[in-house]
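Below is one structure; the comments refer to it alone.
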Amino acid sequence: MCGIVGYVGKNQAPSILIDGLNKLEYRGYDSAGMAVHDGKNINMLKTKGRLSNLIKLLIEHPLKGTLGIGHTRWATHGAPSDINSHPHMSEDHVIAVVHNGIIENYMEIKEELAEKGFHFVSETDTEIIAHLIDSYYKEGLSFEKSVFKAVSRLEGAYALGIICRDCPDTLIAVRKGSPLVVGNGNGENFIASDIPALLNYTREVYFLEEDEIAVLTPDDIKIYDKNENPVKRDIYHVTWDIEAAEKSGYAHFMLKEIHEQPKIVRETILKRVPENGEGIVLDNIKLGKEELDNIDRIYVVACGTAYYAGLIGKHLIEKVCRIPVVSEVASEFRYKDPILDDRTLLIVVSQSGETADTLEALRIAKRSGARVLAVVNAVGSSIAREADDVFYILAGPEIAVASTKAYSAQVAAMYILTCHIAVAIGKMSKDEFKAVKEELYTIPGKIEYILQKESVEKRLAEKYKGVRNVFYIGRGLDYLVSQEGSLKLKEIAYLHSEAYAAGELKHGPIAMIDENTLVVAIAVQEELIEKTISNIKEVKARGAKAMAIAMKGNTKIADVADDVIYIPRTMGLLAPVLANIPNQLFAYYMALNLGTDIDKPRNLAKSVTVE
Ligand code: M6R
């Protein structure tokens, strides 16, 4: 989704804006631009395509000034083009705006402004914001007041960065539904859609809350609520380093993040299941016996990869705790007219904590009196702030659009939550927990072992680089791992792939199987393996190639599959996190062979802040 950066201070803004935009590239974009105040006027450069196009333009037409806003656009209203790129300016270049999100009532405002004689040059919803602010400014309101008045008219979800020709040291930021952080520097201040854009300059940040407006000058940051009341906000000190958001010698962020998984899963587990402690440490998360006794139903709601991690949670809670759990993709949740009341627990899962559909599901649940537990990575994100309780997964910044390490940490969180609930309601004895705990500690080392053998997936990706049709199959938990494996291949290798419950193949999709099809069978749930072996035989009989992922020692499967990737042995319930690693590596090397833009796959955005 769009990335915003803004700067006001004593240094030249253009290079700071480019650096910030560079750090936000992972969000996905199709054009880039900036507006810089030179002390007298606002000058703007913007272009379709990569940031390198903007840098080229800047070299040809340098901008100078110590106040500026920059933007990477992910098209929603109007195709990617120079003219639709941000910033957008009022007609006489008094106001310049960058925007992330969607203005739902922009047509109505556009018509109203057009009647007053304003002209529009782009197809975007954003352009009306510049004109609307300008219209109030021309009526005699101050820059600040004009922004307040304009914002009170806007419906939708948005984050804005705004500058005015007549205020050469003022940057205004607005947040409603789309993320925005304010960076506090020394004689300089910043805004950005995400922390990595600020880390070269400051570690002191403010997270803006919903409907807040920040007014930044070089030496001051004032935050107001929508009624123009000043707001006091605690500063947040970012503890992680810029290196965490850089590639550290890996060819891609995705590969780096895949390799970070042993460490991250270890940290997620140890924080909650300390080696020298008796049980599980959930800190302030209210999920004790008393709270659980007051819960009749649990929902797990999320999108994409986070949804697939949530599905593992549903399966585990039902299997181990014997509590019914409903799982829904967040974008469908509201249409199901979900049964929600104060005896409902909604577990939302989100890496970014900003996914619009997941956030909306959370709000619907809260309005109905349900409790919300968020399993989130991004500290201070909207979902983390609005949930009743937060289980941080400690994965650190995930930059590659394709989620890998967050999935593993989310699944680890599901193991921990399941054990916690099971122990609390007496479905898991102390001894059973002790056995799971000991096995949990071995998981990071086993991930490490799989990663050391990544040449296997590399070789298989080379072997299968010609396939154009892939089915991922499995039963039980293996089917859930198949879904995530299939998504990863689609996202980064742009290959048609589908995940099917292995038993469902013969009810239709088997018609598509031929000698050009690859079937990836996840077969680590050993009690189900015989049946999955039969399914492999069925697809092989129809000409498909079969690649299996199985636990070490399972030799039977090697007799039927063309290739087998072995993972270390573990308890069936803990196997998904291991079985998924070969899928990640296979997708990565398939994409590498196909030459796609692995970290920033086409059409995708890291943080999907529109519904
Ligand atoms: O930030 P979130 O976890 O809420 O994001 C949810 C999905 O958009 C995300 O998992 C998406 O499917 C990824 N690109 C998957 O790799």
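Observations
- The largest-to-smallest principal axis extents of the Cα set in segment 406-492 are 52, 25, 22 Å.
- Taking label positions 7 Å along the Cα-Cβ direction at both Asp431 and Asn41, the computed distance is 8.3 nm, reported to one decimal.
- The chain: projected area of the alpha-carbon convex hull, averaged over directions, in nm²: 27.9
- Dipole check for segment 399-492: with +1 at the C-beta of Lys and Arg, -1 at the C-beta of Asp and Glu, and the Cα centre as origin, the magnitude is about 280 Debye.
- For segment 13-97, the square roots a ≥ b ≥ c of the C-alpha gyration tensor eigenvalues yield an a/c of 1.5 or more together with a/b not exceeding b/c, which makes the shape oblate.
- Remark: the Cα gyration tensor places segment 572-611 in the oblate category, a/c being 1.5 or greater and a/b not exceeding b/c.
- √(5λ) per eigenvalue of the Cα gyration tensor, segment 67-157, largest first, Å: 19, 15, 13
- Label-reachable residues, segment 375-414, where backbone N falls under 19 Å from a point 7 Å from Glu611's Cα toward its Cβ: 382-384, 386-387
- Helix 127-138 and the longest principal axis of the Cα set of the chain meet at an angle near 30°.
- Ranked packing of 368-380, 343-355, most packed first, by mean Cβ within 10 Å: 343-355, 368-380
- The calculated FRET efficiency for Glu91 paired with Lys56, based on their beta-carbon distance and R0 = 41 Å, is about 0.90.
- Calculated FRET efficiency for the pair Asp341/Asn11, C-beta based, R₀ 41 Å, to 0.05: 0.15
- In a simple Cβ point-charge model (Lys, Arg +1; Asp, Glu -1; nothing else charged), the chain has a dipole of about 1560 debye relative to its Cα centre.
- Cα long-axis angle, helix 575-594 against the chain (0 to 90 degrees, to the nearest 10): 60
- Projected label distance in nm at Arg542 and Asn593, using a 7 Å step from Cα toward the beta-carbon: 2.3
- Under 17 Å from the Ala79 label point (7 Å along Cα→beta-carbon), backbone N, segment 14-56: 30-32, 47-50
- Stretchable slack from Lys145 to Asn276, in nm (0.36 nm times residue separation minus alpha-carbon distance): 41.5 nm
- Gained length - Glu104 relative to Asp296, 0.36 nm times residue gap less alpha-carbon distance: 65.4 nm
- Here segment 282-310 is scanned for amide nitrogen atoms under 16 Å from the site 7 Å beyond the Cα of Val326 along Cα-to-Cβ, giving 295-302.
- Summarising the label geometry, the points placed 7 Å from Cα in the beta-carbon direction at Glu498 and Glu210 lie 3.9 nm from one another.
- In segment 208-312, lysine pairs with alpha-carbon atoms under 19 angstrom apart (chain gap of 8 or more, or interchain): 5
- Free-standing Cys residues across the chain, given no other cysteine C-beta under 4.7 angstrom: Cys2, Cys303, Cys321, Cys419
- Theoretical ellipticity at 222 nm over the chain - DSSP helices of four or more residues, -39500 (n - 2.57) apiece, nearest 500: -11000 deg cm²/dmol
- Low-density loop positions, trypsin sites (Lys or Arg not before Pro), segment 68-123 - DSSP coil, at most 10 other Cβ in 10 Å: Lys116
Coordinate-derived values only; no laboratory data. This one's a predicted model, so the numbers in the text were calculated from it and none came from an experiment. Reconstructed Cβ throughout: ideal geometry from the backbone, glycine too, with neighbour counts over all protein chains shown.
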